[in-house]
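The values are calculated or read from the model by the stated rules, or taken from the named source; none is laboratory data. None of the values given here were measured: they were computed from a predicted structure. Heads up, the Cβs are rebuilt from the backbone with ideal geometry, glycines too, and the neighbour counts pull from every protein chain shown.
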Amino acid sequence: MSVSQQRKKNKRGMNILFADDERSLREIMRLEIPRMGHQIEVCADGQEAIEAIKRKPFDCMIVDLDMPGMNGIDVVAAAQQLRPEIEAIIYTGKPSQETAIEALRHHAFEYLTKPCRLAELAAILGRVDERRYFKKQMSALEYRLKQVEGDSELIGSSTAMDQVKRLIDKVAPTDSTVLIRGETGCGKELVARAVHQASLRSDGPLVSINCGALPENLIESELFGHCKGAFTGADQARTGLFEVADEGTIFLDEIGELPIAMQAKLLRVLESGEIRRLGDNRIVHVNARIICATHRNLEDMVEAGEFREDLMFRVNTFEINVPPLRNRIEDLPILASHLLQRHRYANSEDQLFTPAAMEALKAHLWPGNVRELANVVEHAAVLCDSLPIDTSDLPTGFSKRQLRKEIRDSGPITLRDLEMIAIQRALERHEGNKPAAAEELGVSLKTLYNKINASEERQKAA
């Protein structure tokens with residue numbers, strides 16, 4: 001079923017306000033507008049029309065320009081202050097260029113002259129209804145996009161987060177390349193969105209790419225596009241993500257996972273602003289700001305020959321380090337409350353967590369950072385029957401502070417050891433299921449295997 005067919009099936013018509021001081025016209029419209037599929041209320045003058053708009057919403061208003069008291073322009077101006085969404089049609093028996101310009105200045109949808117044929121009016125109302133439909137569709141798409149992208153607000157007032165916000169304010173108005181560093185799950189993409197939205201490119205697209213999630217044989221096509229027939233299976237041309245991000249921002253998440261061969265091609269794009277689609281000799285110029293992120297130590301990767309030094313210098317024009325959640329634990333109460341309110345409606349005065357539950361959350365070391373906190377809060381929101389969240393609603397182990405006790409009893413511990421404790425516990429919870437453990441930890445399966453293998457090699461060496 002097409003969009004137009006679906007609309008006709010569901011169509012209920014518009015609520016229309018008709019204002020004219022000629023009684024005969026009011027009676028004609030009272031009869032004819034409903035035959036066009038709409039509901040109507042008629043008024044004898046401008047003041048009566050304004051009172052009607054105060055009482056209830058209308059989708060469209062048809063207003064005579066020449067009425068005693070308030071003229072049509074005044075009525076439209078007042079109505080748009082009360083209900084900006086209303087569409088206005090002004091019509092008159094004394095048309096002039098000045099009044100037409102004034103009507104357009106007040107964003108009138110149409111300017112008609114008397115006499116107006118009913119067929120013409122029906123066509124205009126159809127276009128008004130189409131416009132309203134597409135406005136609603138656009139609002140729905142914007143809402144869905146926001147739901148997918150998530151909130152761009154950086155939550156927290158700790159010293160560490162204040163520093164991050166200050167750096168964002170400094171770099172956002174520029175076109176400098178930004179490198180965002182931080183552990184997995186600490187909110188690097190959220191920082192990238194904040195930089196974009198505070199920049200001069202905020203009206204342009206923000207295109208996010210997880211370099212570690214792209215298949216190696218398709219990375220170049222994804223980034224730069226390809227022509228039809230460029231390789232087996234390329235049955236149609238495709239625009240690359242760099243072109244999609246033109247005049248906006250491209251966010252290269254986990255840039256440390258990019259294969260070394262692609263790093264040279266990326267470097268050329270960053271330096272020249274030129275791309276070439278696979279299978280095409282033509283050069284395409286793109287103007288996209290580059291923001292990169294990584295949880296890996298790029299300097300160590302350069303030493304190991306896994307990352308190009310010239311690319312590291314190119315992407316690291318301006319650096320923002322996002323603190324792990326354990327280093328800003330004072331932000332946890334407001335973060336947890338914010339995440340809970342995304343899943344369950346709650347008034348700001350409601351108690352969202354019991355003191356015991358909040359203490360259990362604070363006692364955890366959060367190896368998965370904010371992403372882990374989001375999963376824990378969602379688990380609790382689903383499990384609890386009513387607010388506030390209690391310790392019984394949290395995943396097993398939180399109320400007992402097991403992880404902190406385990407580490408405290410073991411004496412001094414490195415961050416690498418802490419990471420392995422988190423991996424081991426995730427594997428235990430999922431009975432050795434590595435894909436499920438990787439998903440819980442917020443890392444790729446490849447990264448999980450790399451960390452396990454590295455740990456085993458260190459143990460053998462010891």
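Any chance you could count how many residues in region 406-423 are exposed (fewer than 13 other Cβ atoms within 10 Å of the Cβ) and modelled with pLDDT of 75 or more?
Residues flagged as exposed (fewer than 13 other Cβ atoms within 10 Å of the Cβ) and modelled with pLDDT of 75 or more within region 406-423 amount to 1.
Answer yes or no: is there a residue in region 58-70 that is surrounded by fewer than 19 Cβ atoms within 10 Å (Cβ to Cβ), of a type in the set (Val, Ile, Thr) and in contact (Cβ under 8 Å) with a residue 24 or more places away in the chain.
No, the conditions are met nowhere in region 58-70.
If the Cβ limit is 8 Å and pairs must be 6+ apart or interchain, which residue in region 228-241 that is on the phi < 0 side of the Ramachandran plot pairs with which residue that is polar (S, T, N, Q)?
Final answer for the pair search is Lys228/Gln236; Ala230/Ser221; Phe231/Ser221; Ala234/Ser221; Arg238/Ser221; Gly240/Ser221.
Kindly provide the set of residues from region 222-262 that are buried (at least 20 other Cβ atoms within 10 Å of the Cβ) and of a type in the set (S, T, N, Q), ordered by number.
Scanning region 222-262 gives a single hit, Thr249.
Give me a count of the residues in region 225-260 that are modelled with pLDDT of 90 or more and farther than 22 Å from Glu189 by Cβ.
1
Hey, could you check region 263-285 for residues that are under 21 Å from Arg314 (Cβ atoms) and small (Gly, Ala, Ser) and say which is surrounded by the most Cβ atoms within 10 Å (Cβ to Cβ)?
Of the residues in region 263-285, the ones under 21 Å from Arg314 (Cβ atoms) are 263-276, 283-285.
Still in the list and also small (Gly, Ala, Ser): 264, 272-273.
Numbers: Ala264: 12, Ser272: 11, Gly273: 15.
Across region 263-285, the extreme among qualifying residues is Gly273.
Which of the residues that make up region 417-459 are of a type in the set (Asp, Glu), touching a residue at least 40 places away in the same chain (Cβ under 8 Å) and more than 18 Å from Ala374 (Cα to Cα)? Working first, answer last.
Start the filter on region 417-459 by keeping residues that are of a type in the set (Asp, Glu), which leaves 417, 419, 428, 431, 439-440, 456-457.
So of that shortlist, the ones also touching a residue at least 40 places away in the same chain (Cβ under 8 Å) come out as 419, 440.
Of everything in region 417-459, just one residue is of a type in the set (Asp, Glu), touching a residue at least 40 places away in the same chain (Cβ under 8 Å) and more than 18 Å from Ala374 (Cα to Cα), namely Glu419.
State which residue is surrounded by the fewest Cβ atoms within 10 Å (Cβ to Cβ) when the search covers only region 286-301 and only residues that are of a type in the set (D, E, K, R) and touching a residue at least 24 places away in the same chain (Cβ under 8 Å).
Arg296
Just to be sure, is Ala194 small (Gly, Ala, Ser), surrounded by fewer than 20 Cβ atoms within 10 Å (Cβ to Cβ) and out of contact with any strand residue (DSSP E or B) (no Cβ under 8 Å at 6 or more places or on another chain)?
no
Can we say Gly69 is over 16 Å from Glu87 (Cβ atoms) and either not assigned by TED's automatic domain parsing to the domain that holds Asp129 or not basic (Lys, Arg) (or both)?
The answer is yes for Gly69.
Sort out which residues of region 67-114 are in contact with a helix residue (DSSP H, G or I) (Cβ under 7 Å, 6 or more places away or on another chain) and of a type in the set (D, E, K, R), and write them in order of number.
Of everything in region 67-114, those that are in contact with a helix residue (DSSP H, G or I) (Cβ under 7 Å, 6 or more places away or on another chain) and of a type in the set (D, E, K, R) turn out to be Asp74, Arg83, Glu87, Glu102, Glu110.
Going by what's in this entry, would Met358 be described as outside the structural domain of Asp169 (by TED's automatic domain parsing) and either modelled with pLDDT of 90 or more or not polar (S, T, N, Q) (or both)?
In short, yes.
If you check Glu189 against the conditions, is it surrounded by 15 or more Cβ atoms within 10 Å (Cβ to Cβ), assigned by TED's automatic domain parsing to the domain that holds Ile291 and either without any contact (Cβ under 8 Å) to a residue 12 or more places away in the chain or touching a helix residue (DSSP H, G or I) at 6+ places or on another chain (Cβ under 8 Å) (or both)?
Criteria not met by Glu189.
Given the condition crowded, with 22+ Cβ neighbours inside 10 Å and under 22 Å from the mean Cα position of the chain (by Cα), answer yes or no: does some residue in region 349-365 qualify?
no
Which residues, counting only those in region 15-38, are in contact (Cβ under 8 Å) with a residue 60 or more places away in the chain and more than 12 Å from Ile62 (Cα to Cα)?
Listed by number, the residues that qualify are Glu32, Met36, His38.
Does Ala381 qualify as being buried (at least 22 other Cβ atoms within 10 Å of the Cβ) and outside any loop (DSSP other than H, G, I, E, B)?
Spelling it out, it is not the case that Ala381 is buried (at least 22 other Cβ atoms within 10 Å of the Cβ) and outside any loop (DSSP other than H, G, I, E, B).
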